[in-house]
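Chemist: Okay, handing you the structure first.
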Amino acid sequence: AIEHDDIEEKFVYINKSIAIFDELRTILDFDGGDIAYYLSGLYTHQLKLLAKANVENETKYLDEVINVIRELREAWKEETGVN
């Protein structure tokens with residue numbers, strides 16, 4: 001969307017991504033240990049990157065978010081055995 005200057009599509013996808021990270025932050029169990037605090041910071045950083053991508057119209061921020069999502073997905077797979 002950013003590459004094609006489709007502002008409406010960019011807005012839709014970035015807002016969906018923001019909603020996902022917001023929900024992930026909301027459901028963290030801080031009584032469960034330090035990992036929740038780490039994930040909260042990680043999710044907050046991703047929200048900042050998404051906002052920057054939206055304002056600055058830069059794909060480099062989206063690339064950073066995508067890399068974090070890939071790493072989280074791999075860690076989830078290793079931990080749970082779920083593909």
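Bear in mind these aren't lab numbers, they're just calculated from the coordinates by the rules spelled out. Note that the structure is a prediction, hence the values are computed from the model and not measured. All Cβ positions, even for glycine, are placed from backbone atoms using ideal geometry, and neighbour counts span all protein chains on display.
Chemist: What angle do you read, to the nearest 10 degrees and between 0 and 90, between the alpha-carbon axis of helix 59-80 and the longest principal axis of the chain?
Modeler: The angle comes out at about 20 degrees.
Chemist: Hey, another quick one. Hey, what angle do you get for helix 34-56 against the long axis of the chain, alpha-carbon based, 0 to 90 degrees rounded to 10?
Modeler: The answer is roughly 0 degrees.
Chemist: If I stretch the segment between Ile27 and Lys77 completely, what's the gain in nm (0.36 nm per residue apart, minus their alpha carbon distance), one decimal?
Modeler: Details: separation 50, 0.36 × 50 = 18.00 nm, distance 1.95 nm.
The Ile27-Lys77 span can extend by a further 16.1 nm.
Chemist: Among the aspartates and glutamates, which fall within straight-line cross-link reach of Lys52, defined as a Cα-Cα distance under 20 Å, with same-chain neighbours fewer than 8 residues apart omitted?
Modeler: Filter leaves Glu3, Asp5, Asp6, Glu8, Glu9, Asp22, Glu23, Asp63, Glu64.
Chemist: Just to be sure I understand the curve: with the Debye formula and one point per C-alpha of region 22-83, what is log10 I(q)/I(0) at q = 0.21, 0.26 Å⁻¹?
Modeler: At q = 0.21, 0.26 Å⁻¹ the computed log10 ratios are -0.91, -1.12.
Chemist: By how many degrees, 0 to 90 and rounded to 10, does the Cα axis of helix 7-26 deviate from the longest principal axis of the chain?
Modeler: 10
Chemist: For the pair Lys52 and Asn67, how long in nm is the line joining their label points, each one 7 Å along Cα→Cβ?
Modeler: Here the modelled spin labels are 1.2 nm apart.
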